[in-house]
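The values are calculated or read from the model by the stated rules, or taken from the named source; none is laboratory data. Keep in mind that what you see is a predicted model, and the values were worked out from it rather than measured. Using ideal geometry, Cβ is built from the backbone for each residue, glycine included, and neighbour counts are taken over all protein chains shown. In case anyone asks, the SASA skips ligands and DNA or RNA and just uses the protein heavy atoms, side chains included. Shrake-Rupley method; radii C 1.70, N 1.55, O 1.52, S 1.80 Å.
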Amino acid sequence: MLTKDSAFEINPSQNSSIDKVDFDNIAFGQVFSDHLFVMDYVDGEWKRGCIEPFGPLSLSPSTMALHYGQAVFEGMKAYRQPDGSVSMFRPGANIARFNQSAKRICMPEVPEDIFMQALVELISLDEAWVPYNSQSSLYIRPVLFATDSHVGVRPSFSYKFIIFTCPVGQYYSKDVRVKVETHFTRAAKGGTGAAKAAGNYAAALLPTKLAMNEGYDQLLWTDAESHKYIEECGTMNAAFVIDGKMLVPSTSETVLSGITRDSAITLAKDLGIDIESRMISVAELEEAAQKGLLQEAFGLGTAATVSVICTIGFASGDYDLPDISTWSIAPQIQSALDSVRLGTGEDKHGWNIPV
Ligand SMILES: *Cc1c(COP(=O)(O)O)cnc(C)c1O
């Protein structure tokens with residue numbers, strides 16, 4: 001079917017699965033909306049995109065992405081607004097980062113206007129999938145991967161760009177216990193740590209699993225050279241409060257530059273919070289913890305939003321953060337972020353883009 005006012009070919013789903021979804025109890029990332037956006041890059045150009053029913057893709061066993069990891073992705077969200085409409089949160093920032101990731105992994109960029117149009121049309125078509133509950137949202141997953149059927153390492157000539165969406169509730173159902181990782185490495189200088197490249201996550205699975213065996217939920221990665229400086233959590237950026245001051249590890253080529261992190265810094269400044277973005281050493285954190293000055297620790301990311309860290313595992317032992325009832329900064333950031341995203345407060349930075 002060709003819809004006259006669409007930039008894409010639209011092949012609508014004939015049997016929606018929305019009635020089977022319990023929107024009050026959604027497992028993160030396991031429920032998928034009815035439609036998928038697909039666009040192929042062949043012979044040096046992007047073909048016309050298509051919106052089709054969500055379902056399996058047919059791929060050759062020699063699809064290059066499966067062998068050599070040439071794949072990048074994004075994670076962003078759309079929120080139900082008080083008037084029933086739907087807004088995406090800072091999609092332009094995700095599109096820009098997606099294309100930077102693509103460049104690093106030697107893939108073609110997706111034209112920004114087509115990307116944005118695809119988001120708007122896909123989410124409009126699956127509008128009913130955007131949850132109404134204020135703890136929930138529509139998670140949006142764009143992915144770009146190499147599709148040449150070829151054995152042998154080289155950049156692919158053909159690529160597939162897809163976008164699908166999932167209604168989601170909370171990512172972590174409880175507070176997070178993190179371990180300061182001082183052996184394994186997530187990202188080294190000159191590597192791909194600043195790209196949302198699929199392989200980065202594969203490399204982090206074993207170290208994370210080993211930490212989970214010790215009773216932690218996530219790693220707090222340190223720099224690859226000295227393991228002395230805090231980098232990030234691997235799916236979220238980190239923030240700390242020491243003696244009333246908010247400290248955020250600076251971004252670099254080994255840290256993913258989070259949009260939630262950037263938003264939190266901007267909102268913290270709006271709120272008059274004393275904040276600094278700089279290198280933070282493990283020793284500084286540990287010393288603050290020992291002196292009782294480490295007051296808050298939290299993760300910042302689209303999937304998990306503001307995640308309370310309840311325990312930090314140092315080489316010398318675990319430090320339990322003070323009870324959340326004593327925290328001041330993380331709750332302010334969470335509520336300021338929520339009020340923009342949910343449309344209940346002023347959006348003075350123009351972050352919400354209606355679909
Ligand atoms: C996606 C991601 C983040 C968080 O980025 P947001 O833009 O806030 O979602 C942080 N670290 C890593 C490694 C990530 O992949």
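A simple rule links phi to the HN-Hα coupling: the Karplus curve 6.51 cos²θ - 1.76 cosθ + 1.60 with θ = phi - 60°, which for the range 132-141 gives 8, 5, 5, 8, 10, 6, 9, 7, 10, 10 Hz, with x for Gly and Pro. Each part reduced to its alpha carbon centroid, the range 294-346 and the range 171-212 end up 19 Å apart. With the simple spin-label model, which puts each label point 7 Å out from Cα in the Cβ direction, the Ser277 to Thr326 separation comes to 2.9 nm. Hey, what angle do you get for helix 91-104 against the long axis of the chain, alpha-carbon based, 0 to 90 degrees rounded to 10? Approximately 90 degrees, to the nearest ten.
Amide H contacts of Asp274 (H built 1.01 Å from N, in plane; Pro and chain starts excluded): Met246 sit under 5 Å, all sequence-distant by 5 or more or on other chains. Dividing the mean sequence gap of close Cα pairs (under 8 Å, 6+ apart) by how many residues the chain holds gives a relative contact order of 18 percent. If both residues of a DSSP beta bridge must be in the chain, then about 80% of such bridges are antiparallel. Compared with the dominant principal axis of the Cα atoms in the chain, helix 112-125 is inclined by about 80°. Carbon-plus-sulfur accessible fraction, the chain (probe radius 1.4 Å, protein heavy atoms only): 52%.
The charge dipole of the chain, taken about its Cα centre with unit charges on the Cβ of Lys, Arg, Asp and Glu (plus for the first two, minus for the last two), comes to roughly 600 debye.
Could you tell me whether the range 176-341 comes out rounded, prolate or oblate from its Cα gyration tensor? Rule is a ≥ b ≥ c as square roots of the eigenvalues, rounded for a/c under 1.5, then prolate if a/b exceeds b/c, otherwise oblate. Since a/c reaches 1.5 but b/c is at least a/b, the shape of the range 176-341 is classed as oblate.
Calculated [222 nm] ellipticity per residue, helices only, for the chain: -7000 deg cm²/dmol; basis is -39500 (n - 2.57) per DSSP H run with n ≥ 4, divided by all residues, nearest 500. If I fit a long axis through the Cα atoms of helix 198-213 and take the longest principal axis of the Cα atoms of the chain, what angle between them do I get, 0 to 90°, rounded to 10? Value to nearest ten degrees: 40.
Taken per residue, the accessible surface of the chain reaches 45 Å², heavy atoms only and a 1.4 Å probe. Rounded to the nearest 20 debye, the dipole magnitude of the range 9-168 is 600 debye, with +1 charges on Lys and Arg beta carbons, -1 on Asp and Glu beta carbons, and the Cα centre as origin.
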